[in-house]
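The values are calculated or read from the model by the stated rules, or taken from the named source; none is laboratory data. Just so it is clear, the structure is predicted and the values come from calculations on it, not from any experiment. Methodologically, a virtual Cβ is constructed for each residue, glycine included, from the backbone with ideal geometry; neighbour enumeration extends over all protein chains shown.
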Amino acid sequence: MPLPTHARSTLRRDPLQSRWLSPLLLLLVWEGLCRLGVIPAHTLAAPSSVGSTLAQMIGSGDLPINLAVSLRRAILGLIIGATVGVALALAAGLARRGDAWIDPLVQVKRTIPVVALTPLFIIWFGIGETTKIALIAFAAMLPVYINLHAGIRGVDVRLMDAARSFGLGRAALIREVVLPGALPALLTGLRYALSISVLMLVFAEQINASAGLGYLINNARDAMRTDIIVVCLLVYALLGLTGDALVRAIETRTLAWCPALVEA
Amino acid sequence: MTEALRSPLQIVPDPLPPEPVVRLRDVSRAFGATVVLDSLNLSIAPGEFVALLGRSGSGKTTLLRTLAALDPPQAQDIRLPGSRATVFQDARLLPWKRVWQNVALGLRGRDARPRALAALEEVGLAHRVDAWPLTLSGGEAQRAAIARALVREPELLLLDEPFAALDALTRMKMHALVLALWQRHRPALLLVTHDVEEAMALADRVLVLDRGRIVAEERLLAPRGSRGAIVRDLRATLLRHLGIDVGGAAYADLLERHA
């Protein structure tokens, strides 16, 4: 959050205003309570033991292997979902007939929580990878579709007129005006899709997973290993953060012309 | 009809007209019950500088869109040249393309960039060719828009109130620029404007549009630069056609009369 310069300079001098302070304090209190035995290890492991478990899980290859399995699910689901979302949004956004055909279906789909489709998906696809990826894809599709569709519809008609007055045909209009104009909206949709796909990953991995972060968590639950559970929660959080940073990086590269970035 | 077109002050016989580049005959347009263009006739000769005055809602925008062929074609007697270009009031540069790419928009061939650069040089924007449009000032954006129109070497150049949003000093510079460019390239030029002074300073011929018809037409035979003597009466005539009766008053005295 930007602060006026005078406020920022006082901030630098006053360590009690540091934003790191309260999380750090929380960790210390948490550690202290665990060491004193107020919080037993089977309720919540101490930060220090979470740290050593993390190192050990990385060393043994447990974490990398299962993380790779989870990543594959999330990425495949996201790619499939985003691709379908982009295709539908293009078809609906660029052609009136496409809109009449596709948009009602998507709006119907929107009213059904994806989680509620799990039983059907399990009947159709079994309890293997397909169901997990399908759930993630199905959930990730929606924000991509909705944002890109709105972005295409929201492209400035005055710019369209100008481009047409310079003799651009339909294909050139779409390439030069509609798609670049809708790109910011697409990236917003992609960011939502990313966080939703992590969310759906967590949910889908509760379904009888035999590998992946969810599998690690389920096993840890049975063994009351709260340290492993916390490690996995950290990794989930990290996944979300990384995805967000990725889309931000794409945004700064492709949206260099945007007013917010141009002024900066 | 011709009687209505003549002003009582300046009756000038038409010179033998060359084949016009623009010819509209009895062109009408209506949106629902609202008649926007009402059997309008308009001819523009090659290389002629025409200014079109009109109040808001007089049909200027629709006429301009007709001339730019932006509205779906209808069964009307309209002849337009093949190469046209438009400069809009808001420059309408694509914000995601650099300035030179905007100028080169829709150009074909390998020489698109050098042509765009040459056009930008000509409007005095050579130092901003790689800038993003949103970083341009209003005057710079309008220069880029003019370069974008010019680079097509149009037979018909349409200017839709291109100076309306600029400050007075920038506007004067732009007037001079447009005039110089017109004299060098000689497209037929239609300038749509609210500004009577602007019209009188720049154009060969001034038209007044009202309720979808051309209700007045004035030729300015005096060369640009020595029009001081005629503008006073002409301004009064044109303003009267726009619905303001000022007699011979200067603008400074005008508001009090209408208060």
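Among helices (runs of 4 or more DSSP H) entirely within segment A:176-264, having at least 3 residues that are farther than 26 Å from A:Gly61 by Cα singles out A:179-204, A:226-254, A:259-263.
Counting the residues of segment A:82-104 that are exposed (fewer than 14 other Cβ atoms within 10 Å of the Cβ) and either within 24 Å of the chain's Cα centre (by Cα) or under 22 Å from A:Val177 (Cα atoms) (or both) gives 3.
Selection of first residues in segment A:246-263 that are at the interface with chain B (Cβ under 8 Å from one of its Cβ atoms) and closer than 10 Å to B:Leu134 by Cβ and of second residues that are modelled with pLDDT of 85 or more and assigned to a helix (DSSP H, G or I), restricted to Cβ pairs under 8 Å at least 6 apart or on distinct chains, gives the following pairs, ordered by first then second residue: A:Trp257/B:Pro133; A:Trp257/B:Leu134; A:Cys258/A:Pro184; A:Cys258/B:Leu134; A:Pro259/B:Leu134; A:Val262/B:Leu134; A:Val262/B:Thr135.
Restricting segment A:1-46 to residues that are under 26 Å from A:Val230 (Cα atoms) and polar (S, T, N, Q), which is modelled with the lowest pLDDT? Reasoning before the result, please.
Narrowing segment A:1-46 to residues under 26 Å from A:Val230 (Cα atoms): A:18-46.
This time we only want the ones that are polar (S, T, N, Q), so: A:18, A:22, A:43.
Details: A:Ser18: 80, A:Ser22: 90, A:Thr43: 90.
Out of the qualifying residues, it is A:Ser18.
Go through segment B:102-144 and count every residue that is among the polar types (S, T, N, Q) and in contact with a Leu (Cβ under 8 Å, 6 or more places away or on another chain).
So in segment B:102-144, the residues among the polar types (S, T, N, Q) come out as B:102, B:135, B:137, B:142.
Those left that are additionally in contact with a Leu (Cβ under 8 Å, 6 or more places away or on another chain): B:102, B:142.
Number of matching residues: 2.
Only one of the listed residues (B:Pro46, B:Pro20, B:Pro114) is crowded, with 16+ Cβ neighbours inside 10 Å and away from chain A (no Cβ under 14 Å). That residue is B:Pro20.
Any chance segment A:167-178 includes a residue that's surrounded by 19 or more Cβ atoms within 10 Å (Cβ to Cβ) and among the small types (Gly, Ala, Ser)? Checked against the condition, which is being surrounded by 19 or more Cβ atoms within 10 Å (Cβ to Cβ) and among the small types (Gly, Ala, Ser), segment A:167-178 yields no hits at all. Screening B:Trp96 on (1) within 16 Å of the chain's Cα centre (by Cα); (2) crowded, with 18+ Cβ neighbours inside 10 Å; (3) assigned to a loop (DSSP other than H, G, I, E, B) shows it passes everything except condition (1). In segment B:70-101, the qualifying residues are those that are in contact with a Lys or Arg (Cβ under 7 Å, 6 or more places away or on another chain) and more than 19 Å from A:Val155 (Cα to Cα), and the one that is farthest from the other protein chains (Cβ to nearest Cβ) is B:Asp77. Residues that are under 24 Å from the mean Cα position of the chain (by Cα), within 29 Å of B:Lys97 (Cα to Cα) and away from every other protein chain (no Cβ under 14 Å) do not occur anywhere in segment A:121-138.
Okay, residues lined up against (1) modelled with pLDDT of 85 or more; (2) under 17 Å from the mean Cα position of the chain (by Cα):
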position	(1), (2)
B:Pro8	no, no
B:Ile11	no, no
B:Pro18	no, no
B:Leu24	yes, yes
B:Asp38	yes, no
B:Ser43	yes, yes
B:Arg65	yes, yes
B:Ser83	yes, yes
